[in-house]
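Notes to accompany the following structure.
The values are calculated or read from the model by the stated rules, or taken from the named source; none is laboratory data. Please read these numbers as outputs of a predicted model, since none were measured by experiment. Cβ sites come from the backbone with ideal geometry, for glycine too, and all protein chains shown count toward neighbours. Protein only, heavy atoms only, side chains kept; ligands, DNA and RNA dropped before computing areas. Shrake-Rupley method; radii C 1.70, N 1.55, O 1.52, S 1.80 Å.
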Amino acid sequence: MRTHWLKSTALTLVAATSFGVFALTAPVQAGSTGRKNTAIALGALAAEQLLTGKTTTGIIAGAGGLYAYSRYKDAKKKERYEDRYWSRERHHHGHYRW
């Protein structure tokens, strides 16, 4: 029984430490890649917590993961729009072609 507790505690500490390191090194204005990484990290934390029987923490992390994923999709859509806007012939040699 003690071995199971030790494994689950070690796994929780590894997940929390890696998430903490990620949170400290993440930029304030994350692009779509940063938002995707956050969603993946929160999803992994939620899965680990739910599998170890910690349902409250798992549900909170899962909800955070879903929110992060929706923000990732919004950021990706915005990047695609901006890429399409600037790839058109509107911007030619440093000035607009009107």
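Some observations on this one:
- Among the candidates Gly34, Gly62, the residue that is surrounded by 13 or more Cβ atoms within 10 Å (Cβ to Cβ), part of a helix (DSSP H, G or I) and at pLDDT 90 or above is uniquely Gly62.
- Take the conditions (1) basic (Lys, Arg); (2) within 23 Å of Ser18 (Cβ to Cβ); (3) modelled with pLDDT under 90; Lys54 misses just one of them, which is (3).
- Residue within region 6-29 that is at pLDDT 80 or above, open to solvent by 80 Å² or more (accessible area, probe 1.4 Å) and more than 18 Å from the chain's Cα centre (by Cα) present: no
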